[in-house]
1. Might you let me know whether region A:191-200 holds any residue that is more than 27 Å from the chain's Cα centre (by Cα) and closer than 20 Å to A:N278 by Cα?
2. Could you list, in sequence order, the residues of region A:13-30 that are near DNA strand D (Cβ under 9 Å from one of its atoms), over 40 Å from the mean Cα position of the chain (by Cα) and open to solvent by less than 50 Å² (accessible area, probe 1.4 Å)?
3. Hey, which of the strands (runs of 3 or more DSSP E) in region B:122-216, taking only ones fully inside, have at least 2 residues that are under 21 Å from B:R320 (Cβ atoms) and without any contact (Cβ under 8 Å) to a residue 60 or more places away in the chain?
4. Can you tell me which residues in region B:137-163 are crowded, with 23+ Cβ neighbours inside 10 Å and within 14 Å of chain A (Cβ to nearest Cβ)?
5. Of the residues A:G259, A:G220, A:G245, only one is in the same structural domain as A:A165 (by TED's automatic domain parsing), assigned to a helix (DSSP H, G or I), out of contact with any Lys or Arg (no Cβ under 8 Å at 6 or more places or on another chain) and not hydrophobic (A, V, I, L, M, F, W, C); which?
6. Residue by residue through region A:78-108, note down the ones that are among the acidic types (D, E), within 10 Å of chain B (Cβ to nearest Cβ) and either closer than 18 Å to A:S51 by Cα or assigned to a helix (DSSP H, G or I) (or both).
7. Scan region A:248-277 for residues that are within 29 Å of the chain's Cα centre (by Cα), among the aliphatic types (A, V, I, L, M) and modelled with pLDDT of 95 or more and jot them down.
8. Would you say B:P183 is in contact with a helix residue (DSSP H, G or I) (Cβ under 9 Å, 6 or more places away or on another chain) and either aromatic (F, W, Y) or away from chain A (no Cβ under 12 Å) (or both)?
Protein chains: 2
Amino acid sequence: MSKPTIYSIAQRCGVSAATVSRVFNRPELVSAPVREQVMAAAHELGYQPSSAARGLVTGRAEMIGLIVPDITNPFFPLLVRAIQRSAERMGSSVMLVDAEESAAAEVRQVAQLRSRVDGVIVASPRSSSAALREAARGLPCVLLNRPLRDLSSVVCDNTSALFDAGDHLHKHGHRSFALLTGPSASWAAARRAQAVRRWARGRGVELAELGPFRATFKGGRQAGAALLGTAATAAFAFDDLTACGVLAELAGRGVSVPGDRSVVGCDDVLLARTVTPNLTTVTAPMEDLGTTAVQVLTRQIEAPGGAPEHVRLPGSFVARDSTGPRPTP
Amino acid sequence: MSKPTIYSIAQRCGVSAATVSRVFNRPELVSAPVREQVMAAAHELGYQPSSAARGLVTGRAEMIGLIVPDITNPFFPLLVRAIQRSAERMGSSVMLVDAEESAAAEVRQVAQLRSRVDGVIVASPRSSSAALREAARGLPCVLLNRPLRDLSSVVCDNTSALFDAGDHLHKHGHRSFALLTGPSASWAAARRAQAVRRWARGRGVELAELGPFRATFKGGRQAGAALLGTAATAAFAFDDLTACGVLAELAGRGVSVPGDRSVVGCDDVLLARTVTPNLTTVTAPMEDLGTTAVQVLTRQIEAPGGAPEHVRLPGSFVARDSTGPRPTP
DNA sequence: TCGGACAATGAAAGCGATTGCATGATTCTG
DNA sequence: CAGAATCATGCAATCGCTTTCATTGTCCGA
């Protein structure tokens, strides 16, 4: 007894394979009695259509690739889940690839994926644009948090939320700020830094730029240490993970947050709500980001060579416990 | 210009498709000049073999499924990465599925996956054994952290590490302990609880059992609150996430850790080292767990119907800052 | 009552690769 | 130098499914 195929079923039911196939794909073309008989037989035999065979003829893999630079970064699990969920809704599965922080790996992975997926979603802060373009040639692709003119992209724009964060701190009396910058190659880092700078200039407040720091907990500790070398009473961390590092470093040195300094993070990952004090941060609309990415990708797949789409979703500011009034000197 | 196939290449090089195929699969069977010519042409045309076609004839998808109950649980990203890494080494890709904490989804997903993968790795604390068995029927499968007699499994056994943890606390003078139990349906939770109980009995110390609590940060907070209702000076949390909740709850109530109470976690996820104080915990050998799971699965795939394998890997105790000497009353 | 429209089904041609077998060209062996 | 062994290559079947086209049988209107 080998795996059941449409032929096993066809034979069993005394119909042709074509009919069996239709029962699954275009059931309305098959008469009710036959349809039911076939379905019953299929169920009884435990029939599962071979996706390889189907893919071969339809040219669709019903699968999308998802490339993340580092799944251990708490930013991604939420995204992965959102993407997976909406992919499932579209009848596709998700193939996850962790590029392990290596640009070379990213590009290599895309090449690897090509033949197995209908398209890819790439969350790739690192790779060079040229490498990305090349890798995506002829393959429907949407970039996450990294716009590129000729490839579709879905990005989270935190500019206005960061303005809100600044205003929030300003209202609390802070006048001297520090910007703890993230990896220089990261689009998000550049973008966030720019937003903070613009805000500070607009407000006419002092802004010390520190960094760049690696987007890790350790990087955050270094940033925290650096922060103490300045007079800033409030700091914008690149993301929540670094903010946590900052918090830890400050705590380690007996500096109170938000008593002595205020810290705001970015992304609102799980960590933000498990750390003490809870992080004031900017929440990224993960669910939306994922859903949108899948939708855009689907469109690219259905109309290959269509114009690239660019979607920008705003984050929003959320005040928690890592920010407070300026310490009275 | 449609997608290049072995035929395009064959034609271009004046050889047969079979030869082209061999260049990629059994290059030693092809003469050097032809081989190089074909490779050059393939590269030039940007040829990528169709995995659907290959899969159809070889019967292999070169892909394994990975089902996790909740990718946002910090336990999993490390595992996912380890699995992906070693799958890649075996020439397979990983299809990730987040069952979203639903046993029904888990089983449904396995069914869905069947036709697209060569086998699955299931990290499924929830589903009933019967459901799992049924879902895995005829599909190579290895269970993670959940042994079942007739299915292969790879589990992390923390028993001895928990003994070490207990001894560590005992040495620090603690005599009254609390066990904050995890979800009752989880094998790991049961196992850990059992280990702690055995240890406590062996030592003849007092052990208050609290719970079960959900394996979330919130669950941890509740556990923390409950802990304060007891005289225990040291607590075993179900995992790091709940331990963090405990820490947060205690901190919120002005209870110092490790000054007033000691807390040990389990798993050693990223969180353990980002929280203040750093968690004393039991590290799970994630890398090994993942690698082993893939190896076992590979064996199952190559010899379907072979006897199930059961691997048990020990965790190890690591002392950090959430444990200390018993407070002097 | 007959022709055409329509519904239900089957036959068969691929999709793009792999692979066992056959073949022709070389090289070896005694 | 004949026959065997070896090597490189081609032919063609096959994997399981989808889909076009053709066929058959029904039903309806005129």
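The values are calculated or read from the model by the stated rules, or taken from the named source; none is laboratory data. Here the structure is a predicted model, which is why all the values come from computation and not from measurement. Cβ placement follows ideal geometry from the backbone for every residue including glycine, while neighbour counts extend to all protein chains displayed. What goes into the accessible areas is simple: the full protein's heavy atoms, side chains included, and nothing from ligands, DNA or RNA. Shrake-Rupley method; radii C 1.70, N 1.55, O 1.52, S 1.80 Å.
1. First, the residues of region A:191-200 that are more than 27 Å from the chain's Cα centre (by Cα): A:200.
Still in the running and closer than 20 Å to A:N278 by Cα: none.
No, every residue in region A:191-200 fails to be more than 27 Å from the chain's Cα centre (by Cα) and closer than 20 Å to A:N278 by Cα.
2. Passing the criteria: A:A17, A:A18, A:T19, A:V20.
3. Details: elements: B:141-144, B:152-157, B:176-180, B:206-210.
Fully inside region B:122-216 and qualifying: B:176-180.
4. Listed by number, the list holds a single entry, B:P140.
5. Numbers: A:G259 fails: assigned to a helix (DSSP H, G or I); A:G245 fails: out of contact with any Lys or Arg (no Cβ under 8 Å at 6 or more places or on another chain).
After ruling out the rest, the residue left standing is A:G220.
6. Just the residues of region A:78-108 that are among the acidic types (D, E), to begin with: A:88, A:98, A:100-101, A:106.
Subsequent filtering for residues that are within 10 Å of chain B (Cβ to nearest Cβ) retains A:88, A:98, A:100.
Of everything in region A:78-108, just one residue is among the acidic types (D, E), within 10 Å of chain B (Cβ to nearest Cβ) and either closer than 18 Å to A:S51 by Cα or assigned to a helix (DSSP H, G or I) (or both), namely A:E88.
7. Let us first name the residues in region A:248-277 that are within 29 Å of the chain's Cα centre (by Cα), namely A:248-249, A:262-277.
Keeping just the survivors that are among the aliphatic types (A, V, I, L, M) gives A:248, A:263-264, A:269-272, A:275.
Passing the criteria: A:V263, A:V264.
8. Numbers: in contact with a helix residue (DSSP H, G or I) (Cβ under 9 Å, 6 or more places away or on another chain): yes; either aromatic (F, W, Y) or away from chain A (no Cβ under 12 Å) (or both): yes.
For B:P183, the condition - in contact with a helix residue (DSSP H, G or I) (Cβ under 9 Å, 6 or more places away or on another chain) and either aromatic (F, W, Y) or away from chain A (no Cβ under 12 Å) (or both) - is met.
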